[in-house]
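The values are calculated or read from the model by the stated rules, or taken from the named source; none is laboratory data. Just so it is clear, the structure is predicted and the values come from calculations on it, not from any experiment. All Cβ positions, even for glycine, are placed from backbone atoms using ideal geometry, and neighbour counts span all protein chains on display. Heavy atoms of the whole protein, side chains included, go into the accessibility calculation; ligands, DNA and RNA do not. Shrake-Rupley method; radii C 1.70, N 1.55, O 1.52, S 1.80 Å.
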Amino acid sequence: MLHYAKAQWATCALLLTSMAFTTAFRTDKDTPGGTYLHKISSPAGNTMLEYNPDKTLRKIIQVHQAEDGSTWQDIQLPVYENGRLVKTLSTDDAKALTGDLNATFSYASDSHQLQTISYYRNNAVYTQDSLVYNADGKITARYHLAVQPAKREITGYQQYTWDKEGNVAQMDNYGKQPGQNRFNLTSTVTYTYDRQQNPQQLCQELAYMMDMTPANLSAHNVLSESISTAHSSRTYTHTYTYAYNASKYPVRGTFRNGMDEGTVKLEWTKL
């Protein structure tokens, strides 16, 4: 699925994911022709996905393009145990087989349902995401915790409202005002979608490794997102259009926001 707010286009963070987080990975029986996302190209850079023989992710390579023409790359190396993603390592060496600890993933004891993502800096946890689910296994809230040696503090959270098609129809963002202890609604984003499958659902652990935006969680591809803030009556709308291949997967997406426009291309591979 192609979801790009303006900042996401700048970082080429198109990698999207499933709506439930209850199954570990899909198999070729679930993927027509065994087709998997291989490359994402945008003016801001490229993202390459490499896979293991069992169809799990082996490596994500993101090459970023600066305005002055210089490039740099970020590489994530996922680590699996018993069919579940348990941590990611980061490196800037494309040939490296290991790297610095980037994140760890904790699951409910009786299921594959992801509960907590812990993010590391210098081998120590500095922030966490804590996920809350409804009875259908869909994420209804995502809490952000700042981790300090003496305490953990919630700094903000999102609440998700789902439609009957398995898409996040609305996201409400909450934060604290300076000097206040209570959380206030800061912004609301509403979404519309097409009827085609979000291609990142073919490899669900992408959600664990990339940012879990509503577009990352939804079953279909975003057509529009309308953003309103708590202190303004004005609404900002971004729109997205797609070109699909014969399998109904996006091969090109175009983002528009007023005068701004960007195009992302997707390439697929068979494993």
Note down all Cβ pairs under 7 Å where the first residue falls in the range 186-198 and is under 20 Å from S233 (Cβ atoms), the second is among the hydroxyl-bearing types (S, T, Y) and buried (at least 18 other Cβ atoms within 10 Å of the Cβ), and they're at least six residues apart or on different chains.
T186/Y174
Evaluate the range 211-218: report whether one residue or more is under 23 Å from T56 (Cα atoms), open to solvent by 30 Å² or more (accessible area, probe 1.4 Å) and among the charged types (D, E, K, R).
yes
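Results for (1) modelled with pLDDT of 95 or more; (2) under 30 Å from H38 (Cβ atoms); (3) open to solvent by 20 Å² or more (accessible area, probe 1.4 Å), shown as yes or no for each residue.
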{"site": "N122", "(1), (2), (3)": "no, no, yes"}
{"site": "Q148", "(1), (2), (3)": "no, no, yes"}
{"site": "M171", "(1), (2), (3)": "yes, yes, yes"}
{"site": "Q180", "(1), (2), (3)": "no, no, yes"}
{"site": "Y193", "(1), (2), (3)": "yes, yes, yes"}
{"site": "C203", "(1), (2), (3)": "no, yes, no"}
{"site": "V222", "(1), (2), (3)": "no, yes, no"}
What's the total number of residues in the range 100-112 that are under 15 Å from Y80 (Cα atoms) and open to solvent by less than 40 Å² (accessible area, probe 1.4 Å)?
4
Test: residue in the range 58-70 that is at pLDDT 90 or above and open to solvent by 60 Å² or more (accessible area, probe 1.4 Å):
yes
Counting just the residues of the range 150-169 that are in contact with a Lys or Arg (Cβ under 9 Å, 6 or more places away or on another chain) and among the hydroxyl-bearing types (S, T, Y), which one comes out least open to solvent (accessible area, probe 1.4 Å)?
Y160
